[in-house]
Amino acid sequence: MVSGSYDGTLRLWQLPDGKLLRTWQEKPQAGILTWIEGVTISPDGQTLIAGVSYTMKLWNLHTGTLIRTLDIGSNAPTVFQKRVTTTAVSPNGQVLASGTAQGTLQLWDLHTGGLLRTVSAHQTRIHSLVFSTDGKTLSSGSDDGSIKIWLVEQLLSL
């Protein structure tokens, strides 16, 4: 199990005994709070993904090595709105989805880090993203009171 916190700390825990296996500490950037949200593990158990303020970071779960940092590239007027709030990985491990405090949904190639699609999905913060078990749909839930179900194939072909 992995936990993230508003002090910039990620922790990997062993279940069921709760033993702490690894800690990552993100350093604050000039004038920007460093918080961790949207923590997920790839289906193959190899990659840890976390929203770290206005980026997403991917680590090798077993070595702790940073694989890459993805800047969400949002046009939000404030850093707060650029914040990555949730992440999800497709069951086949190919597509990484991220949601922001601004309501933007982005799809990425998990292996290359390439941005596949950006969609204005909601009016406000996206709280949750989940792929269906077959990977054909992606559901998003938001502070705007809506839950949307997206056909992944259609999103990728927009």
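Per-structure values
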{"quantity": "Enumeration of residues in the range 115-124 that are among the hydroxyl-bearing types (Ser, Thr, Tyr) and either without any contact (Cβ under 8 Å) to a residue 12 or more places away in the chain or closer than 24 Å to residue 47 by Cβ (or both)", "calculated": "118"}
{"quantity": "First in the range 90-114 and free of Cβ contacts under 8 Å to residues at least 60 places away in the same chain and farther than 16 Å from residue 41 by Cβ, second anywhere and among the aliphatic types (A, V, I, L, M) and loosely packed, with under 14 Cβ neighbours inside 10 Å, Cβ under 9 Å, 6 or more apart", "calculated": "107/156"}
{"quantity": "Looking only at the range 147-158, and only at residues there that are surrounded by fewer than 19 Cβ atoms within 10 Å (Cβ to Cβ) and of a type outside the set (A, V, I, L, M), the one that is farthest from residue 86 (Cα to Cα)", "calculated": "157"}
{"quantity": "Meets criteria (more than 13 Å from the chain's Cα centre (by Cα), at pLDDT 95 or above, on the phi > 0 side of the Ramachandran plot and of a type outside the set (Ser, Thr, Tyr)) for residue 135", "calculated": "yes"}
{"quantity": "Of the criteria (1) modelled with pLDDT of 90 or more; (2) part of a loop (DSSP other than H, G, I, E, B); (3) of a type in the set (A, V, I, L, M, F, W, C), which one residue 76 fails", "calculated": "(1)"}
{"quantity": "Looking only at the range 147-158, and only at residues there that are not in a strand (DSSP E or B) and not hydrophobic (A, V, I, L, M, F, W, C), the one that is nearest to residue 48 (Cα to Cα)", "calculated": "153"}
{"quantity": "Residue match in the range 30-38 (condition: among the acidic types (Asp, Glu) and modelled with pLDDT of 85 or more)", "calculated": "yes"}
{"quantity": "Hits in the range 91-146 (condition: assigned to a strand (DSSP E or B), among the small types (Gly, Ala, Ser) and crowded, with 17+ Cβ neighbours inside 10 Å)", "calculated": "97, 98, 99, 140, 141, 142"}
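The values are calculated or read from the model by the stated rules, or taken from the named source; none is laboratory data. Just so you know, these numbers come straight off a predicted model, no measurement behind them. A quick note on method: Cβ atoms are made from the backbone with ideal geometry, for glycine too, and the neighbour counts reach across all protein chains shown.
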